[in-house]
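Participant: Quick one: this structure, given as structure tokens, is what I'll be asking you about.
The values are calculated or read from the model by the stated rules, or taken from the named source; none is laboratory data. Since we're looking at a predicted model, the values are computed, not measured. Heads up, the Cβs are rebuilt from the backbone with ideal geometry, glycines too, and the neighbour counts pull from every protein chain shown.
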Amino acid sequence: GCEHYRRGCRLRAPCCGKLYPCRLCHDGAEEHQLDRFRVSEVQCSRCRLLQKAQQRCEGCGSLFGEYYCDICHLFDRDKKQYHCQECGICRIGPKEDFFHCSKCNLCLSLSLQGKHKCIENVSRQDCPICLEDIHTSRVGAHVLPCGHLLHRTCYDEMLKEGYRCPLCMHSALDMTRYWRQLDNEVAQTPMPTEYQNMMVEILCNDCNARSTVQFHLLGMKCQSCESYNTAQDGRCRLSLEEQ
């Protein structure tokens, strides 16, 4: 095997004829990519017999992988994998815990069925954090409330720096509790006299509503959804009483 998969054979790359433990090892060493679907031969790691791609060695009987897909030519230990015809590749299961969203074009957890925002072919977009492929990645995808996808690991790293989707600026998680804390902080932090009657137009990144609210350095709350995930959308101006 290798750092990516536990298997008892090496793949013969149809592109260059070289032997590699897996497509990822091949792609890391070569300047071209291995097409997993075109793999037709493997070499047994025990007896070195070169043979057609199959689950057991026809020479010594060694098991190449507890799981084997004869479409993707994936050999690995059993992780409850299954081949999704719609995705076109193997996914880590168990299969009964997932469903394929035809609009997003991706297998998602059953817990998201009917509860996520669909975006056409969103899985075919690269992760906006690392700019790597999401659809065929070995790293799971995290679905944001806005419908955009990030690698799960990239999502965890993003939360260390901020809370907004890097594509649309929508809040990437439920911020209600934090907004209420911010309400208290704003109430307890009066602005200097010259700013107390200053009004500003804002655009909410969460609901797209526009509001005219009192300017505050700590944050300005959307009058529609009460989110502080807002951006100033105009110049500050005095309230009518001060004009």
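Participant: Is there any pair with a first residue in the stretch 187-201 that is without any contact (Cβ under 8 Å) to a residue 60 or more places away in the chain and in the same structural domain as residue 228 (by TED's automatic domain parsing) and a second that is surrounded by 10 or more Cβ atoms within 10 Å (Cβ to Cβ) and of a type in the set (Ser, Thr, Tyr) whose Cβ atoms are under 7 Å apart and which are 6 or more apart or on different chains, and what are they?
Facilitator: Close Cβ pairs (under 7 Å, with a partner that is surrounded by 10 or more Cβ atoms within 10 Å (Cβ to Cβ) and of a type in the set (Ser, Thr, Tyr)) amount to 197/239; 199/212; 199/239; 201/212.
Participant: Right, another one. Given the condition farther than 30 Å from residue 123 by Cα, among the hydroxyl-bearing types (Ser, Thr, Tyr) and touching a residue at least 40 places away in the same chain (Cβ under 8 Å), answer yes or no: does some residue in the stretch 151-171 qualify?
Facilitator: No, the conditions are met nowhere in the stretch 151-171.
Participant: Can you pull out every residue in the stretch 146-166 that is over 19 Å from residue 135 (Cβ atoms) and either among the polar types (S, T, N, Q) or touching a strand residue (DSSP E or B) at 6+ places or on another chain (Cβ under 8 Å) (or both)?
Facilitator: 158, 163, 164
Participant: Select from the stretch 138-154 the residues that are touching a His at 6+ places or on another chain (Cβ under 6 Å) and aliphatic (A, V, I, L, M) and write down the one among them that is farthest from residue 5 (Cα to Cα).
Facilitator: Per the criteria, the residue is 143.
Participant: If we only count strands (runs of 3 or more DSSP E) wholly inside the stretch 141-243, which ones have 1 or more residues that are of a type in the set (A, V, I, L, M, F, W, C) and crowded, with 18+ Cβ neighbours inside 10 Å?
Facilitator: 141-143, 149-151, 198-204
Participant: Is it the case that the stretch 42-65 has a residue that's among the aromatic types (Phe, Trp, Tyr), within 22 Å of residue 134 (Cα to Cα) and either surrounded by 15 or more Cβ atoms within 10 Å (Cβ to Cβ) or free of Cβ contacts under 8 Å to residues at least 40 places away in the same chain (or both)?
Facilitator: Checked the stretch 42-65: no residue is among the aromatic types (Phe, Trp, Tyr), within 22 Å of residue 134 (Cα to Cα) and either surrounded by 15 or more Cβ atoms within 10 Å (Cβ to Cβ) or free of Cβ contacts under 8 Å to residues at least 40 places away in the same chain (or both).
Participant: Also, quick follow-up: Give the stretch 2-21 a look and list any residue that's free of Cβ contacts under 8 Å to residues at least 24 places away in the same chain and buried (at least 18 other Cβ atoms within 10 Å of the Cβ), or say none.
Facilitator: Passing the criteria: 20, 21.
Participant: Grab the strands (runs of 3 or more DSSP E) fully contained in the stretch 1-106, keeping just those with 3 or more residues being within 20 Å of residue 136 (Cβ to Cβ).
Facilitator: 67-69, 74-76, 81-84, 89-92, 98-101
Participant: Consider residue 211 carefully, then state whether it is among the polar types (S, T, N, Q), at pLDDT 95 or above and more than 30 Å from residue 85 (Cβ to Cβ).
Facilitator: No: the conditions fail for residue 211.
Participant: A further question follows. Tell me which residues, restricted to the stretch 27-38, are out of contact with any Pro (no Cβ under 6 Å at 6 or more places or on another chain) and either in contact (Cβ under 8 Å) with a residue 24 or more places away in the chain or surrounded by 14 or more Cβ atoms within 10 Å (Cβ to Cβ) (or both).
Facilitator: Within the stretch 27-38, 27, 30, 34, 36, 37 meet the criteria.
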